[in-house]
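Data block below; observations after.
The values are calculated or read from the model by the stated rules, or taken from the named source; none is laboratory data. Values in this document were obtained by computation on a predicted structure and should not be read as measured data. Neighbour counts are summed over all protein chains in view; Cβ atoms, including those assigned to glycine, are modelled from backbone coordinates with ideal geometry. SASA here: full protein model, heavy atoms, side chains in, ligands and nucleic acids out. Shrake-Rupley method; radii C 1.70, N 1.55, O 1.52, S 1.80 Å.
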Amino acid sequence: VQLQASGGGLVQAGGSLRLSCAASGSIYMLNRMGWYRQAPGKQRESVATITSDGSANYADSVKGRFTISRDSAENTMYLQMNSLKPEDTGVYYCNMHTRTKLDYWGQGTLVTVSS
């Protein structure tokens, strides 16, 4: 199974983007989905996660601005990003984590927010 992330791009501060992540097939015992980002020169960090029961968690820096969601088939998820800031710039990776401790990662999509 491969994950395909898309939706990144260049946007001005205050703008919006919607990221998508689609799995090429079903993931056995899928538990948690999430978006992570890596800014230049920094470590990868968690941005938002959503569990199989729909419980979402966000990094403090994006609360109130980003919304994670998934479709009913649970093989696609989204990240709606509003009120973007230059510090949101980075490569965004999607992740799907199973109850058997397997991790699937997308290839990353670049988000650049200009000031």
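On the protein heavy atoms, probe 1.4 angstrom, tell me the percent of accessible surface of the range 1-109 carried by carbon and sulfur. Provide the component values of the computation, followed by the final result.
On the way: 2580 of 5730 Å².
Carbon and sulfur together cover 45 percent of it.
Sorting 60, 88 by accessible area (1.4 Å probe), largest first, what list results?
Values: 60 125, 88 0 Å².
Largest accessible area first, the list is 60, 88.
In Å², and per residue, what accessible area does the chain have when probed at 1.4 Å with the other protein chains present? Write out the running numbers ahead of the final one.
Numbers: 6060 Å² over 115 residues.
Averaged over the residues of the chain, the accessible area is 53 Å².
Debye sum, Cα scatterers, the range 40-115, no solvent: what log₁₀ I/I(0) at q = 0.24 1/Å?
The Debye formula, applied to the Cα set alone, gives -1.37.
Using a 1.4 angstrom probe on the protein heavy atoms only, line up 45, 87 by accessible area, largest first.
Working: 45 80, 87 120 Å².
Listed by decreasing accessible area, they come as 87, 45.
Counting only DSSP beta bridges with both residues in the chain, what percent are antiparallel, rounded to the nearest 5?
Rounded to the nearest five, the antiparallel share is 90 percent.
List, in order, the whole-Hz ³J(HN,Hα) value for each residue of the range 20-25 obtained from phi through the Karplus relation with A = 6.51, B = -1.76, C = 1.60 and θ = phi - 60°; use x for Gly and Pro.
Once θ is set to phi - 60°, the couplings for the range 20-25 become 10, 9, 10, 8, 6, x Hz.
Treating cross-link reach as a plain straight distance, find the aspartates and glutamates whose alpha-carbon is under 16 Å from the alpha-carbon of residue 42, omitting any fewer than eight places away in the same chain.
87, 88
I need the calculated FRET efficiency for the pair residue 42 and residue 16, taking r as the beta carbon distance and R₀ as 25 Å, to the nearest 0.05.
Values: r = 23 Å, r/R0 = 0.92.
E between residue 42 and residue 16, to the nearest 0.05, is 0.60.
Net charge within 12 Å of residue 8 by Cβ-Cβ distance, Lys/Arg positive one each and Asp/Glu negative one each, not counting residue 8 itself?
Details: positive: 18, 37; negative: 88.
So the surrounding residues net to +1.
Computed over the Cα atoms, what is the radius of gyration of the range 39-79 divided by 2.2 N^0.38 Å, N being its residue count?
On the way: Rg = 11.7 Å, N = 41, 2.2 N^0.38 = 9.0 Å.
Computed over Cα atoms of the range 39-79, the ratio equals 1.30.
Can you tell me how the range 3-46 classifies by the Cα gyration tensor, rounded, prolate or oblate, using a/c under 1.5 as the rounded cut? Could the numbers behind the result be given before it?
Values: a/c = 2.70, a/b = 1.59, b/c = 1.70.
In terms of gyration-tensor shape, oblate.
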